Amino acid sequence: MLSVTDLHARYGRIPILNGICLEVAAGEFVGVLGHNGMGKTTLLKTLMGFVPAERGRILFDGVDVTHEPPYVRARRGLGYVPQGREIFPGLSVRDNLRMGFVGRGAEERIDGILQTFPRLVPLLNRRGGALSGGEQQLLAIARCLAGNPKLILFDEPTEGIQPSIIEELVGVLQRLHQTQALTIVLVEQNLEFIAELAKRVLLIQKGTILRELQPRELRQARVLSEFVGVDRA
Ligand SMILES: Nc1ncnc2c1ncn2[C@@H]1O[C@H](COP(=O)(O)OP(=O)(O)O)[C@@H](O)[C@H]1O
Ligand SMILES: [Mg+2]
(Lines give C-alpha, C1' and ligand atoms only; values in the text may rest on other atoms or scores of the structure.)
(Ligands and ions follow the chains in the order given, each with its own letter.)
Protein backbone atom coordinates (compact mmCIF):
# COMPACT_ATOMS: atom_id res chain seq x y z
CA MET A 1 0.00 0.00 0.00
CA LEU A 2 2.87 2.34 0.80
CA SER A 3 6.24 1.95 -0.83
CA VAL A 4 8.98 4.46 -0.13
CA THR A 5 12.33 4.36 -1.90
CA ASP A 6 15.44 6.43 -1.17
CA LEU A 7 13.49 9.35 0.26
CA HIS A 8 15.48 12.51 0.93
CA ALA A 9 14.28 15.79 2.42
CA ARG A 10 15.91 18.86 3.90
CA TYR A 11 15.13 22.11 5.66
CA GLY A 12 17.11 24.76 3.82
CA ARG A 13 20.61 23.35 3.59
CA ILE A 14 20.23 20.86 6.39
CA PRO A 15 19.49 17.32 5.23
CA ILE A 16 17.00 15.54 7.50
CA LEU A 17 15.89 12.44 5.61
CA ASN A 18 18.81 10.57 4.08
CA GLY A 19 17.46 7.77 1.94
CA ILE A 20 14.46 6.33 3.77
CA CYS A 21 13.17 3.04 2.37
CA LEU A 22 10.08 1.36 3.74
CA GLU A 23 7.26 -0.90 2.64
CA VAL A 24 3.87 -1.15 4.29
CA ALA A 25 1.40 -3.75 3.06
CA ALA A 26 -2.37 -3.25 3.21
CA GLY A 27 -3.67 -4.11 6.67
CA GLU A 28 -0.31 -3.85 8.42
CA PHE A 29 0.43 -2.02 11.66
CA VAL A 30 3.99 -0.72 11.48
CA GLY A 31 5.79 1.27 14.16
CA VAL A 32 8.59 3.77 13.66
CA LEU A 33 10.66 4.37 16.76
CA GLY A 34 13.41 6.88 17.33
CA HIS A 35 14.27 9.60 19.75
CA ASN A 36 13.91 13.34 19.41
CA GLY A 37 15.24 15.02 16.31
CA MET A 38 15.80 11.82 14.30
CA GLY A 39 13.40 12.86 11.54
CA LYS A 40 10.18 11.06 12.47
CA THR A 41 7.91 14.07 12.00
CA THR A 42 9.78 15.12 8.87
CA LEU A 43 9.24 11.64 7.45
CA LEU A 44 5.48 11.85 7.98
CA LYS A 45 5.31 15.42 6.65
CA THR A 46 7.20 14.34 3.55
CA LEU A 47 4.88 11.36 3.07
CA MET A 48 1.93 13.78 3.27
CA GLY A 49 3.54 16.40 1.03
CA PHE A 50 3.94 19.17 3.61
CA VAL A 51 7.70 18.90 3.14
CA PRO A 52 8.90 18.36 -0.45
CA ALA A 53 10.80 15.21 -1.32
CA GLU A 54 14.19 16.19 -2.62
CA ARG A 55 14.91 12.76 -4.01
CA GLY A 56 13.30 9.36 -3.99
CA ARG A 57 9.82 8.04 -4.60
CA ILE A 58 6.59 7.54 -2.67
CA LEU A 59 4.06 5.08 -4.07
CA PHE A 60 0.67 4.96 -2.40
CA ASP A 61 -1.81 2.34 -3.50
CA GLY A 62 0.20 1.85 -6.69
CA VAL A 63 0.23 5.55 -7.59
CA ASP A 64 3.32 7.77 -7.57
CA VAL A 65 2.31 10.59 -5.20
CA THR A 66 5.83 11.97 -4.64
CA HIS A 67 5.04 15.36 -6.10
CA GLU A 68 1.36 15.62 -5.36
CA PRO A 69 0.03 18.28 -2.95
CA PRO A 70 -1.21 17.11 0.47
CA TYR A 71 -4.93 17.44 -0.31
CA VAL A 72 -4.63 15.10 -3.31
CA ARG A 73 -2.81 12.52 -1.18
CA ALA A 74 -5.53 12.90 1.45
CA ARG A 75 -8.22 12.27 -1.16
CA ARG A 76 -6.42 9.14 -2.24
CA GLY A 77 -6.80 7.87 1.30
CA LEU A 78 -3.65 8.95 3.09
CA GLY A 79 -4.63 10.12 6.57
CA TYR A 80 -2.47 12.08 9.02
CA VAL A 81 -2.80 12.76 12.72
CA PRO A 82 -0.07 15.33 13.40
CA GLN A 83 2.13 15.63 16.44
CA GLY A 84 0.57 18.09 18.90
CA ARG A 85 -2.86 17.20 17.43
CA GLU A 86 -3.47 20.58 15.72
CA ILE A 87 -7.19 20.70 16.27
CA PHE A 88 -8.98 24.06 15.89
CA PRO A 89 -9.12 25.37 19.47
CA GLY A 90 -11.77 28.01 18.75
CA LEU A 91 -14.18 25.66 16.98
CA SER A 92 -16.58 23.26 18.67
CA VAL A 93 -15.80 19.58 18.69
CA ARG A 94 -18.57 19.02 16.14
CA ASP A 95 -17.18 21.72 13.82
CA ASN A 96 -13.69 20.26 14.18
CA LEU A 97 -15.13 16.97 12.93
CA ARG A 98 -16.91 18.70 10.06
CA MET A 99 -13.58 20.21 8.99
CA GLY A 100 -12.27 16.71 8.39
CA PHE A 101 -14.92 15.84 5.84
CA VAL A 102 -14.48 15.51 2.16
CA GLY A 103 -17.75 15.54 0.26
CA ARG A 104 -21.28 15.14 1.53
CA GLY A 105 -23.09 13.16 4.15
CA ALA A 106 -21.09 14.67 6.99
CA GLU A 107 -23.71 14.45 9.74
CA GLU A 108 -24.46 10.74 9.32
CA ARG A 109 -20.78 9.93 9.06
CA ILE A 110 -20.03 11.94 12.20
CA ASP A 111 -22.58 9.80 14.05
CA GLY A 112 -20.90 6.66 12.75
CA ILE A 113 -17.44 7.81 13.77
CA LEU A 114 -18.61 8.85 17.23
CA GLN A 115 -19.47 5.24 18.02
CA THR A 116 -15.74 4.62 18.24
CA PHE A 117 -15.34 7.74 20.43
CA PRO A 118 -18.12 7.74 23.04
CA ARG A 119 -16.03 10.05 25.19
CA LEU A 120 -16.46 12.83 22.61
CA VAL A 121 -20.26 12.65 22.48
CA PRO A 122 -20.99 14.79 25.56
CA LEU A 123 -18.31 17.24 24.38
CA LEU A 124 -19.67 17.97 20.90
CA ASN A 125 -20.61 21.56 21.63
CA ARG A 126 -17.54 22.36 23.66
CA ARG A 127 -14.64 24.32 22.19
CA GLY A 128 -11.80 22.10 21.04
CA GLY A 129 -9.37 24.20 23.06
CA ALA A 130 -11.28 23.43 26.27
CA LEU A 131 -10.63 19.69 25.95
CA SER A 132 -7.87 17.84 27.79
CA GLY A 133 -4.83 16.70 25.82
CA GLY A 134 -6.18 13.17 25.63
CA GLU A 135 -9.61 14.30 24.48
CA GLN A 136 -7.98 16.49 21.84
CA GLN A 137 -6.01 13.47 20.65
CA LEU A 138 -9.22 11.46 20.30
CA LEU A 139 -10.75 14.38 18.42
CA ALA A 140 -7.77 14.58 16.06
CA ILE A 141 -8.11 10.87 15.30
CA ALA A 142 -11.87 11.15 14.79
CA ARG A 143 -11.37 14.12 12.47
CA CYS A 144 -8.83 12.17 10.46
CA LEU A 145 -11.35 9.31 10.09
CA ALA A 146 -13.84 11.79 8.69
CA GLY A 147 -11.63 11.99 5.59
CA ASN A 148 -12.20 8.24 5.09
CA PRO A 149 -8.51 7.24 4.99
CA LYS A 150 -7.14 3.85 3.99
CA LEU A 151 -3.85 4.38 5.78
CA ILE A 152 -3.24 6.64 8.78
CA LEU A 153 0.08 8.16 9.75
CA PHE A 154 0.14 8.82 13.50
CA ASP A 155 2.76 11.16 14.96
CA GLU A 156 3.37 10.53 18.67
CA PRO A 157 -0.24 10.30 19.79
CA THR A 158 0.77 9.60 23.40
CA GLU A 159 2.85 12.76 23.81
CA GLY A 160 1.74 14.65 26.91
CA ILE A 161 -1.26 12.44 27.59
CA GLN A 162 -2.37 11.02 30.92
CA PRO A 163 -1.97 7.24 31.35
CA SER A 164 -5.71 6.50 31.56
CA ILE A 165 -6.26 7.90 28.08
CA ILE A 166 -3.18 6.16 26.71
CA GLU A 167 -4.93 2.87 27.57
CA GLU A 168 -8.01 4.10 25.73
CA LEU A 169 -5.85 5.07 22.75
CA VAL A 170 -4.45 1.55 22.59
CA GLY A 171 -8.03 0.27 22.33
CA VAL A 172 -9.02 2.84 19.70
CA LEU A 173 -6.02 2.08 17.49
CA GLN A 174 -6.55 -1.66 17.85
CA ARG A 175 -10.18 -1.31 16.81
CA LEU A 176 -9.35 0.86 13.81
CA HIS A 177 -6.79 -1.65 12.70
CA GLN A 178 -8.74 -4.83 13.39
CA THR A 179 -12.38 -4.02 12.80
CA GLN A 180 -12.04 -1.24 10.23
CA ALA A 181 -9.07 -2.84 8.50
CA LEU A 182 -7.09 0.39 8.48
CA THR A 183 -3.41 0.27 7.66
CA ILE A 184 -1.43 2.14 10.31
CA VAL A 185 2.00 3.70 10.56
CA LEU A 186 2.69 4.80 14.11
CA VAL A 187 5.60 7.08 14.97
CA GLU A 188 6.46 7.06 18.66
CA GLN A 189 9.03 7.50 21.37
CA ASN A 190 6.76 5.60 23.76
CA LEU A 191 8.21 2.13 23.72
CA GLU A 192 5.45 0.37 25.65
CA PHE A 193 2.76 1.84 23.44
CA ILE A 194 4.46 0.88 20.20
CA ALA A 195 5.35 -2.60 21.51
CA GLU A 196 1.73 -3.21 22.42
CA LEU A 197 0.37 -2.23 19.01
CA ALA A 198 2.82 -2.62 16.14
CA LYS A 199 3.56 -5.98 14.53
CA ARG A 200 7.00 -4.81 13.44
CA VAL A 201 9.03 -1.76 14.33
CA LEU A 202 11.45 0.28 12.27
CA LEU A 203 14.21 2.13 14.07
CA ILE A 204 14.97 5.53 12.64
CA GLN A 205 18.23 7.28 13.32
CA LYS A 206 19.53 10.44 11.66
CA GLY A 207 17.01 10.21 8.86
CA THR A 208 17.56 6.61 7.83
CA ILE A 209 15.90 3.35 8.82
CA LEU A 210 18.59 1.57 10.74
CA ARG A 211 16.93 -1.77 11.24
CA GLU A 212 13.69 -3.61 11.81
CA LEU A 213 12.69 -5.28 15.07
CA GLN A 214 9.94 -7.46 16.41
CA PRO A 215 7.99 -5.79 19.22
CA ARG A 216 9.32 -8.26 21.80
CA GLU A 217 12.91 -7.31 20.91
CA LEU A 218 12.21 -3.73 21.90
CA ARG A 219 12.57 -4.42 25.57
CA GLN A 220 16.10 -5.79 25.27
CA ALA A 221 18.48 -3.56 27.14
CA ARG A 222 21.01 -3.30 24.34
CA VAL A 223 18.40 -2.24 21.82
CA LEU A 224 17.05 0.30 24.25
CA SER A 225 20.33 2.02 24.98
CA GLU A 226 21.70 1.79 21.47
CA PHE A 227 18.74 2.85 19.37
CA VAL A 228 16.19 4.48 21.57
CA GLY A 229 18.37 6.34 24.03
CA VAL A 230 16.74 4.72 27.04
CA ASP A 231 18.94 3.14 29.68
CA ARG A 232 17.38 0.46 31.77
CA ALA A 233 18.99 -1.70 34.37
N1 LIG B 1 10.76 23.53 10.14
C2 LIG B 1 12.01 23.19 10.42
N3 LIG B 1 13.05 23.95 9.99
C4 LIG B 1 14.33 23.58 10.25
N5 LIG B 1 14.70 22.48 10.93
C6 LIG B 1 13.72 21.69 11.38
C7 LIG B 1 12.32 22.00 11.16
N8 LIG B 1 11.58 21.03 11.72
C9 LIG B 1 12.44 20.16 12.27
N10 LIG B 1 13.72 20.55 12.08
C11 LIG B 1 14.93 19.82 12.50
O12 LIG B 1 14.94 18.59 11.79
C13 LIG B 1 15.41 17.52 12.63
C14 LIG B 1 14.38 16.41 12.63
O15 LIG B 1 13.19 16.90 13.23
P16 LIG B 1 11.87 16.05 13.35
O17 LIG B 1 11.55 15.45 12.05
O18 LIG B 1 10.84 16.94 13.97
O19 LIG B 1 12.33 14.91 14.37
P20 LIG B 1 11.48 13.99 15.36
O21 LIG B 1 10.05 14.07 14.97
O22 LIG B 1 12.08 12.63 15.19
O23 LIG B 1 11.72 14.54 16.74
C24 LIG B 1 15.69 18.16 13.98
O25 LIG B 1 17.05 18.41 14.06
C26 LIG B 1 14.88 19.43 13.95
O27 LIG B 1 15.47 20.39 14.77
MG1 LIG C 1 8.37 14.63 15.98
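The values are calculated or read from the model by the stated rules, or taken from the named source; none is laboratory data. Owing to the predicted nature of the structure, the values given are computational and were not obtained by experimental measurement. A quick note on method: Cβ atoms are made from the backbone with ideal geometry, for glycine too, and the neighbour counts reach across all protein chains shown.
Which residues, counting only those in segment 36-73, are surrounded by fewer than 15 Cβ atoms within 10 Å (Cβ to Cβ) and of a type in the set (A, V, I, L, M, F, W, C)?
V63, V72
Could you please tell me which pairs satisfy a Cβ distance under 8 Å, a separation of 6+ or placement on different chains, a first residue in segment 174-192 that is on the phi > 0 side of the Ramachandran plot, and a second residue that is away from ligand 1 (no atom under 16 Å from the Cβ) and modelled with pLDDT of 95 or more?
That search, which allows pairs on different chains as well, returns A181/G27.
Within segment 131-183, which residues are of a type in the set (K, R) and surrounded by fewer than 19 Cβ atoms within 10 Å (Cβ to Cβ)? Can you show your working first?
Going residue by residue through segment 131-183, those that are of a type in the set (K, R) are 143, 150, 175.
Scanning segment 131-183 gives K150, R175.
Since V32 meets every condition but one in (1) more than 17 Å from the chain's Cα centre (by Cα); (2) within 16 Å of ligand 2 (Cβ to nearest atom); (3) in contact (Cβ under 8 Å) with a residue 12 or more places away in the chain, which condition does it not meet?
(1)
I'm trying to understand the selection: among the residues of segment 139-179, which are farther than 24 Å from D95 by Cβ and either assigned to a loop (DSSP other than H, G, I, E, B) or within 16 Å of ligand 2 (Cβ to nearest atom) (or both)?
Residues satisfying the conditions are K150, E156, T158, E159, Q162, T179.
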